[in-house]
Structures are given as structure tokens and as C-alpha cells.
Amino acid sequence: MTTEERVLKLENAFATLAQLAASAEERANRDDGRIDALTDLAASADRRLGDLERSFQMLVELARNRDERMDQHDAWINQLGESQARVETNLAALTEIVSDLGRAQARTEQALVSLAEAQTHTDQRLDALIEVVEQIRDGNP
């Protein structure tokens, strides 16, 4: 192979190397853009992950607060049930007392009627006695 052929071959090889270098440079530039885009995506994903973590923590806290409120409501409901049971017991006792008072009132009214009749009878006898005393006093036995 002659020198010219060798030089030509080297020139072709250099031209191919230059093309390959240019192509590699273009790919590197494209890859840099992709790397920048991936870096931005990763940063965005990190921010979103942080937001999700904060949201999850808030949801956990809200669930905890809800559980505490539900426990408090259950306690109140239990207290209301106990109070209702006491009220029902007291109401039954009060109903019995009112019933007893009604019976006592009926007996008292009957006793008052009997007393009024006795008073009327006593008044009649007293009137008769007064009449007898007046007749004796007036001399008309």
C-alpha cells in the first residue's frame, strides 16, 4: 500500500472519527437535557412525596382525633343510658307514690264526708238540747 493510500485511509479514518465524535457530542447534549429533565422530575417527585407524607400524617392525626371523639361520645351515651335507667326507676317510684297519695286522698275525702255527717248529727242533737234547756228555763218542760 502506498503512502497516498495510507494517508487517504488515515484521512477517512479521521473523518469517521470526527463524525463519530460529533455524533457522540450530539448524544451527550441530548443526554444532558434528559438528565436535567430527570433531575427536575426527581426534585418534583421528592416535593410531592413530602406533600404526601405530610398529608398522610394529617390523616393519621385526624383519625386519632376521630377515635378520641368517638370514645368520648360512647362514654356520654353510656352515661345517658345509666341516667335514663335511674330516671325510669325514679319515675316508677314516683308513680307508686302518686298512686298511694290518690288512695290516701280518697280515704281523706270519705273521712271528711263522714265527719260532716257526724257534725250535722251533732248539730241536730245540740239544737235539740238547746231547745230542751230553753224550755226548762222558760218553765215549759
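Once you treat every alpha carbon in segment 1-67 as an equal point and sum by Debye, what is log10 I(q)/I(0) at q = 0.11, 0.13, 0.24, 0.25 Å⁻¹? Debye curve over Cα of segment 1-67, log10 I(q)/I(0) at q = 0.11, 0.13, 0.24, 0.25 Å⁻¹: -0.57, -0.65, -0.95, -0.98.
Choose one answer from Thr39, Thr89, Thr120: the residue with the largest mean-square fluctuation in a GNM of the chain with alpha-carbon springs under 10 Å. Checking each option, the largest mean-square fluctuation is seen for Thr120.
Relative to the longest principal axis of the Cα atoms of the chain, the long axis of helix 3-138 lies at roughly 0 degrees. For the pair Ile77 and Met58, label points projected 7 Å from Cα toward Cβ lie 2.9 nm apart. Projected label points at Ser99 and Asp138, each 7 Å from Cα along the beta carbon direction, are separated by 6.0 nanometres. Compared with the alpha-carbon gap, the fully stretched path from Thr16 to Thr122 is longer by 22.9 nm at 0.36 nm per residue. Per the Kirkwood formula applied to alpha carbons, the chain shows a radius of gyration over Rh ratio, Rg over Rh, of 2.05.
With one equal scatterer per alpha carbon and no solvent term, the Debye-computed log10 I(q)/I(0) for segment 63-120 at 0.22, 0.27 1/Å reads -0.85, -0.96. Using a simple spin-label model with pseudo-atoms 7 Å out from Cα toward Cβ, Glu88 and Lys9 lie 11.1 nm apart. Potential lengthening of the chain between Asp67 and Thr2 amounts to 14.1 nm, from the contour at 0.36 nm per residue minus the alpha-carbon distance.
Only the coordinates and a few stated rules stand behind these numbers; no lab work does. From a predicted model like this one, the values you see are computed outputs, not experimental measurements. As a convention, Cβ positions derive from the backbone with ideal geometry for all residues, glycine included, and neighbour counts pool all protein chains shown.
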